[in-house]
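The values are calculated or read from the model by the stated rules, or taken from the named source; none is laboratory data. The structure displayed is predicted, hence computed values, not measured ones. Here the Cβ is made from the backbone with ideal geometry for all residues, glycine too, and neighbour counts use every protein chain on show.
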Amino acid sequence: MSEDGDKKSGFFSRLTKGLARSAAAFTGFIRRRKLDEDTLDELEELLLRADLGPHAVARVLEEIKASKFNAELSEAELKEALAKPVEELLRLSWKRFPFDPAKRPHVVLVVGVNGAGKTTTIGKLAQKFTAEGKKIVLAAGDTFRAAAIEQLKIWGERTGAPVIAREQGGDAAGLAFEAFERAKAEGADLLFIDTAGRLQNKTGLMQELQKIVRVLKKIDPDAPHSTLLVLDATVGQNAIQQVEVFREIAGVTGLVMTKLDGTARGGILVALADKFGMPIYWIGVGETAEDLQLFDPYQFARALVGANETA
Amino acid sequence: MFESLSDRLTGVFDRLRGRGALTDSDVVEAMREVRVALLEADVALGVVKDFIAKVQEQAVGQEVLRSITPGQQVVKIVHDALVDMLGSESHSIDLNAPAPVCVMMAGLQGSGKTTTTAKIALRLQTREKKKVLMASLDTRRPAAQEQLKILGEQAGVATLPIIANQMPADIAKRAITAAKFGGYDVVMLDTAGRLHIDEALMAEMIAVRDIAHPHETLLVADCLTGQDAVQIAKTFAERVGITGIVLTRMDGDGRGGAALSMRSVTGAPIKLIGVGEKLDAIEEFHPKRIAGRILGMGDVVSLVEKAAETLDAEKAEKMAAKMKRGEFDLDDLAEQLRQMRKLGGMQGVLSMLPGVGKVKDQLSEAGLDDRMLKRQEAIITSMTKKERKKPELLNASRRKRIAAGAGVDVSDVNKLMKMHRQMADMMKAMSKNKGLLGKLAGGLMPGMMPPGMKLPPGFPPGGRR
Ligand SMILES: Nc1nc2c(ncn2[C@@H]2O[C@H](COP(=O)(O)OP(=O)(O)OP(=O)(O)O)[C@@H](O)[C@H]2O)c(=O)[nH]1
Ligand SMILES: Nc1nc2c(ncn2[C@@H]2O[C@H](COP(=O)(O)OP(=O)(O)OP(=O)(O)O)[C@@H](O)[C@H]2O)c(=O)[nH]1
Ligand SMILES: [Mg+2]
Ligand SMILES: [Mg+2]
């Protein structure tokens with residue numbers, strides 16, 4: 001998001017601005033309506049448009065039907081009734097990033113499909129942990145994409161984190177190994193390893209990822225200590241396959257969802273929470289180093305249903 | 001997780017088998033399944049609704065082809081409507097304007113603009129012998145201009161020299177001037193990724209447009225996009241104006257519903273699809289393939305069409321009825337072998353189905369080809385009528401006689417008998433199981449898989465996982 005851009009139009013920033021006055025202020029003014037089949041249909045549409053997918057939508061609607069069917073609700077109460085079960089599902093994925101200061105370094109492998117926001121997220125995480133006084137090292141493990149190494153180096157400069165890199169076209173696993181050894185020698189707290197984007201149905205590329213994991217384990221059988229899968233908020237139902245395959249092949253331990261500053265609502269996280277309960281640690285809400293927030297099920301659920309938007 | 005539409009519909013229509021025309025209530029019920037299938041494929045809700053309204057109207061009252069099930073018939077209607085909506089014509093990049101023709105790229109962050117710029121440039125340069133200049137107006141993403149420069153070097157396509165701190169509009173001016181004086185046919189402008197709701201960046205893009213007057217403005221979008229596809233495409237179309245869409249990451253296993261969403265809200269044609277990270281990984285758009293993919297069933301529809309044309313409907317019905325009762329004698333096998341050959345043989349049928357490359361290889365390795373079909377027919381022809389009805393009569397001496405008559409070894413006869421027995425068993429199971437293949441043309445396909453041959457996991461794609 002550009003500095004002078006209209007930040008308020010983004011779905012997440014809109015949330016933080018508007019939430020306070022939303023529910024309470026309007027309750028009582030607005031006509032109440034019955035939560036009947038027609039209303040349920042409307043709610044169903046709202047959820048479908050947020051990318052929850054037909055299965056998760058059915059789950060949420062069942063909840064609402066069971067608890068609130070035929071109740072007379074104001075608009076705000078209605079949104080709240082919708083947000084609640086969404087929040088409940090998302091809570092299954094509400095976990096803190098288990099940073100382990102004893103590891104030195106805690107190795108974080110960052111994976112995902114092409115263009116999801118891996119490299120940028122690493123930049124943001126480097127910024128965040130550096131600000132907390134941690135010593136960070138970055139590894140330019142995307143040896144495939146043109147200028148991927150330069151891109152990470154710029155993030156290294158911005159955040160003051162050293163970047164370990166080799167030439168383009170080199171062996172990613174070898175680089176990861178070297179980076180781990182050097183980060184260890186330097187006594188770094190965290191090592192973030194960038195990887196090339198890869199679609200989960202590309203067997204060869206997924207095997208390369210496995211190789212990186214294998215090589216890291218030679219130094220420490222517990223490494224990588226965390227493996228983050230980066231998901232783009234605009235993604236639809238394919239995210240389910242992404243999580244399934246990346247988890248199986250690379251042992252993903254948690255998720256980051258980027259680009260929530262757009263209009264996509266990232267509802268697939270609800271389906272993912274329901275299906276996998278995999279931790280969601282952070283969300284990305286812009287292109288600068290500061291645009292990273294902790295995942296918060298309460299806030300996310302309300303933003304998803306548009307709790308602060310007038311109907 | 002995902003059930004293919006065919007599977008869903010086969011369930012719905014199972015009890016309707018044999019009825020004449022699709023009634024109102026049949027169709028309404030079927031459309032519920034179609035809706036879920038499309039939503040699972042990430043087609044935007046509004047588009048799904050319009051689509052269903054349209055198809056519903058078309059489907060009611062249609063005669064069901066006798067050789068296929070009502071479920072398959074609906075799949076075909078849905079498929080045809082999808083193809084129609086996706087735009088049947090093939091479009092290429094329009095260069096019909098005074099040189100240098102300007103092509104501007106637009107899209108969200110990370111959608112694939114820079115890569116696609118280089119792919120198209122390379123394509124125009126090699127296929128159409130155009131002289132192409134590429135310029136990156138991305139002053140925001142770290143190393144973005146460097147990225148295009150490297151891609152230019154890889155592709156052997158010229159890029160505008162980078163001048164640090166120049167603004168996008170100025171780079172555009174410089175690019176056009178350079179293209180004019182350098183005698184370039186085409187100038188391609190790669191732009192920074194931007195959110196469609198980012199006012200400042202949309203204004204910047206409009207300013208660039210008004211300077212460069214692009215002849216083509218291509219929206220580059222990720223085919224894995226979900227419901228937001230509509231808003232994205234609509235806003236870019238309204239604010240900047242787009243002349244075409246390029247869908248990237250079609251090499252993934254996404255169902256690609258975004259193609260339908262974007263096409264239908266903008267009316268802009270899908271011009272090309274990205275199918276990989278390498279610079280030659282770009283292809284023309286084939287609506288039929290995408291339609292099959294959205295429905296999760298490959299080119300099954302062509303197979304149904306072909307089956308409808310070639311198969312003798314009467315015979316197929318009769319056979320299906322017999323098989324429903326779990327009967328399957330050697331006459332039936334012979335009939336299937338004949339119909340199989342009519343459909344273009346085993347290879348022909350398999351080539352219409354998605355994801356069976358491996359099976360095909362196995363088949364030819366095992367020498368299971370169309371010659372084998374003929375040999376098998378010959379064996380059955382050498383039997384007496386009674387033997388064909390009652391395969392259990394075939395003792396050793398009868399088998400010897402048949403082998404001699406057909407000019408094959410006794411072991412071939414034995415193999416055929418074993419195959420028949422397995423198929424008869426399979427048919428019995430199939431009459432209970434309602435899979436797509438089981439219903440296809442009266443159960444033609446599955447029985448034809450030679451003994452011991454298994455369909456690969458995940459087949460058909462989008463089938464039960
Ligand atoms: N608006 C917005 N843009 C983002 C966000 N995160 C990343 N981006 C942008 O998305 C684009 C792709 O980000 P990258 O970090 O390069 O993605 P990647 O996953 O490393 O991509 P590959 O390495 O090519 O697979 C860049 O233009 C980023 O600036 C976000 O939270 N919001
Ligand atoms: N598998 C696959 N990857 C692709 C395709 N097209 C682009 N990519 C990859 O997607 C990622 C992002 O591509 P870019 O061309 O950098 O995307 P962009 O739109 O220019 O990104 P920004 O400039 O940051 O907005 C890279 O890793 C590309 O290699 C495709 O068709 N298939
Ligand atoms: Mg990257
Ligand atoms: Mg780019």
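Can we say B:ARG249 is within 16 Å of ligand 4 (Cβ to nearest atom), surrounded by 20 or more Cβ atoms within 10 Å (Cβ to Cβ), in the same structural domain as B:GLY112 (by TED's automatic domain parsing) and within 30 Å of B:ALA37 (Cβ to Cβ)?
So B:ARG249 fits the description; yes.
Find all pairs meeting these conditions: Cβ atoms under 6 angstrom apart; at least six residues apart or on different chains; first residue within region B:179-193 and farther than 20 Å from B:MET205 by Cα and among the acidic types (Asp, Glu); second residue more than 16 Å from ligand 4 (Cβ to nearest atom) and modelled with pLDDT under 95.
Qualifying pairs under 6 Å: B:ASP185/B:ALA99.
Kindly establish whether B:LYS130 is basic (Lys, Arg), touching a strand residue (DSSP E or B) at 6+ places or on another chain (Cβ under 7 Å), within 16 Å of ligand 1 (Cβ to nearest atom) and more than 11 Å from every other protein chain (Cβ to nearest Cβ).
no
Is at least one residue of region A:160-170 at pLDDT 95 or above, in a loop (DSSP other than H, G, I, E, B) and within 14 Å of chain B (Cβ to nearest Cβ)?
Within region A:160-170, one or more residues are at pLDDT 95 or above, in a loop (DSSP other than H, G, I, E, B) and within 14 Å of chain B (Cβ to nearest Cβ).
Every residue, every condition in (1) outside the structural domain of B:VAL230 (by TED's automatic domain parsing); (2) aliphatic (A, V, I, L, M); (3) farther than 15 Å from B:LEU95 by Cβ; (4) more than 16 Å from ligand 1 (Cβ to nearest atom), yes or no:
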| site | (1), (2), (3), (4) |
| --- | --- |
| B:ARG123 | no, no, no, yes |
| B:ASP138 | no, no, yes, no |
| B:THR159 | no, no, yes, yes |
| B:LYS173 | no, no, yes, yes |
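Before we move on, is B:PRO214 farther than 28 Å from A:VAL113 by Cα and crowded, with 23+ Cβ neighbours inside 10 Å?
Taking the combined requirement at face value, the residue satisfies it.
When you go through (1) away from ligand 1 (no atom under 16 Å from the Cβ); (2) in contact with a helix residue (DSSP H, G or I) (Cβ under 8 Å, 6 or more places away or on another chain) one by one for A:ALA147, which number turns out not to apply?
Status for A:ALA147: all satisfied but (1).
If you go through region B:237-271, how many residues are touching a helix residue (DSSP H, G or I) at 6+ places or on another chain (Cβ under 7 Å), away from ligand 3 (no atom under 16 Å from the Cβ) and not in a loop (DSSP other than H, G, I, E, B)?
16
Looking at A:LYS135, A:LYS95, which is the one that is more than 21 Å from the chain's Cα centre (by Cα) and surrounded by fewer than 24 Cβ atoms within 10 Å (Cβ to Cβ)?
From the options A:LYS135, A:LYS95, the qualifying one is A:LYS135.
Would a scan of region B:149-165 turn up a residue that is charged (D, E, K, R) and either under 37 Å from the mean Cα position of the chain (by Cα) or within 14 Å of chain A (Cβ to nearest Cβ) (or both)?
Yes - at least one qualifying residue is present in region B:149-165.
Condition first: within 12 Å of ligand 4 (Cβ to nearest atom) and not acidic (Asp, Glu). Can you find one or more residues in region B:152-174 that meet it?
Within region B:152-174, none of the residues are within 12 Å of ligand 4 (Cβ to nearest atom) and not acidic (Asp, Glu).
How many of the residues in region B:219-251 are at the interface with chain A (Cβ under 7 Å from one of its Cβ atoms) and out of contact with any Asp or Glu (no Cβ under 9 Å at 6 or more places or on another chain)?
Residues that pass the stated criteria total 1.
For region A:121-128, state whether one or more residues are more than 11 Å from chain B (Cβ to nearest Cβ), more than 13 Å from ligand 2 (Cβ to nearest atom), of a type in the set (S, T, N, Q) and without any contact (Cβ under 8 Å) to a residue 40 or more places away in the chain.
Scanning region A:121-128, I find no residue that is more than 11 Å from chain B (Cβ to nearest Cβ), more than 13 Å from ligand 2 (Cβ to nearest atom), of a type in the set (S, T, N, Q) and without any contact (Cβ under 8 Å) to a residue 40 or more places away in the chain, so the answer is no.
Among the residues in region A:138-146, are any within 22 Å of A:GLY284 (Cα to Cα), more than 10 Å from ligand 3 (Cβ to nearest atom) and not polar (S, T, N, Q)?
yes
Starting from region B:260-289, take each residue that is within 9 Å of ligand 2 (Cβ to nearest atom) and list its partners that are basic (Lys, Arg), counting only C-beta distances under 6 angstrom and pairs at least six apart or across chains.
That search, which allows pairs on different chains as well, returns B:ILE282/B:LYS119.
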